[in-house]
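The block underneath contains the structure these notes are about, expressed in structure tokens.
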Amino acid sequence: MYNIYYNNLILVPAVAFVVTVFLKWISIKYKTWKIDIAGALWSWWMPSVHSSVVVALAMAVAIKHWIWSDLFAISMAFTVIIIYDAINVRFEAWQHAIAINEFFWEKKFNESLWHLPSEAFAWSILGILVAVLLYYV
């Protein structure tokens with residue numbers, strides 16, 4: 001059976017990226033009532049594009065090569081690092097931005113940098129759904 005997504009694995013995270021950015025654009029439009037296309041590419045607004053894309057890639061590799069393959073191990077390590085960064089490292093950057101902004105008494109640095117673990121988890125589910133749905137397309 002020929003499946004264009006699984007014969008070209010890069011298409012699975014690409015579709016996850018497009019779907020997540022579209023949902024982010026809808027979310028921004030709903031919250032601000034503005035059409036902000038550039039805002040959909042921000043890395044700090046929900047949903048977590050990071051989580052969705054890397055989990056879609058890992059899931060696609062798991063489906064195509066199974067979980068005992070070296071490719072899956074590499075993609076899972078990559079996934080863990082990216083999600084850890086989206087949650088923890090950027091949390092520290094957020095705290096530094098707040099401290100610097102308070103020191104200078106003005107908002108010089110963006111304070112909306114990080115995702116809650118629940119946000120990263122929720123949008124990881126979207127990545128899994130995209131990978132599984134594209135397998136059956």
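Ala122 versus Tyr30, label points 7 Å from Cα toward the beta carbon: distance in nm?
Result: 0.9 nm between the two label points.
Considering the zone a paramagnetic label at Val132 would reach in this model (a point 7 Å from Cα along the Cα-to-Cβ line), which residues of region 67-83 have amide N under 19 Å from it?
67-68, 76
At 0.36 nm per residue, minus the direct Cα-Cα distance, what do Glu92 and Ile4 gain on full extension? Give it in nm, one decimal, please.
So the chain would gain 27.6 nm between Glu92 and Ile4.
For Ala73 and Phe22, what is the calculated FRET efficiency with R₀ set at 22 Å and r taken between the beta-carbons, to the nearest 0.05?
With R0 = 22 Å, the Cβ-Cβ based efficiency is 0.10.
Given R₀ = 35 Å, FRET efficiency for Glu106-Ala14 by Cβ-Cβ distance, to 0.05?
For Glu106 and Ala14, the calculated efficiency is 0.35.
Since every read-out is calculated from the coordinates, none of them should be taken as a lab result. Predicted model only: the values in this text are computed from it and were never measured. No Cβ is skipped: glycine too gets one built from the backbone with ideal geometry, and neighbour counts run over all protein chains shown.
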